[in-house]
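Colleague: Quick one: this structure, given as structure tokens, is what I'll be asking you about.
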Amino acid sequence: MHKKIVLAFFAVLAASMLGGCATAQGSVAASQADASSPTASAGRADAAQTASAAPAGSAGQGVAEVGIDYVEAHASSSKLLDIRDFTDYAGKLDDEADRGGHVPGAINIPYANMLDRKTGEPVSDTRLSRMFTHAYLEPADDIVVYGEGTEDALAVAGLLARCGYGKVSVWAAGYGEWEQSDNEVEKSSLSCCGV
């Protein structure tokens, strides 16, 4: 319960800092979660109740926390959005002991690319929409956002929610948990979205 309250707090904070996002697709209502979606889990009601003060469409509404078990089971049916820097995503690490790279099939849009370099605020609505569309993210997709920690992932979940993406989850433990497991790691020389 405590973890859900903390996640809801960050979701409300992220949503309040992020402006609206007009997508090229227009305003899309959040889809009903099916039984296989993490938003349909038993703990969803508690998270929704905790985040009830969040504005409609914000990260606090419709964002669930998922774990490695969910990612392993749904990697082929969900879109995994890796928001770490490209160097980390590609596995170009100085320390050979680390299993650098990303979850196989994950899309990389670095969180830093979503922020204006001068102000630190989210880039324009048009640019965000272009990034998400360019990465083949659709409003009806089940999207799992992960990075190095929860705060940035929640901020990106808020941006996605503001842009009409209704099935967004946050993998709080992120790549660090994947790296510690025996799961396959993919390395890449290409990144998405410097749009």
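Colleague: Between residue 115 and residue 76, what length comes free when the chain is fully extended (0.36 nm per residue of separation minus the Cα-Cα distance, one decimal in nm)?
Modeller: Contour length minus Cα-Cα distance gives 11.1 nm.
Colleague: In nm, give the distance between the simple-model label positions of residue 179 and residue 151, each being 7 Å from the Cα along the Cα-to-Cβ direction.
Modeller: 1.8
Colleague: Continuing with this model, one more query. Full-extension gain between residue 126 and residue 186, please, as 0.36 nm times their residue separation minus the C-alpha to C-alpha distance.
Modeller: So the chain would gain 18.5 nm between residue 126 and residue 186.
Colleague: Where does the charge balance sit around residue 135 when Lys and Arg score +1, Asp and Glu -1, over other residues with C-beta under 15 Å from its C-beta?
Modeller: Around residue 135, the charge tally is 0.
Colleague: Would you mind ranking 160, 80, 154, 115 by Cβ crowding within 10 Å, fewest neighbours first?
Modeller: So the residues, fewest neighbours to most, are 115, 80, 160, 154.
Quick note: the coordinates plus some simple rules give every number you see, no bench work behind them. Every value quoted in this text rests on a predicted model; they were computed, and no experiment measured them. Every residue, glycine as well, gets a Cβ built from its backbone with ideal geometry; the counts of neighbours run over all protein chains shown.
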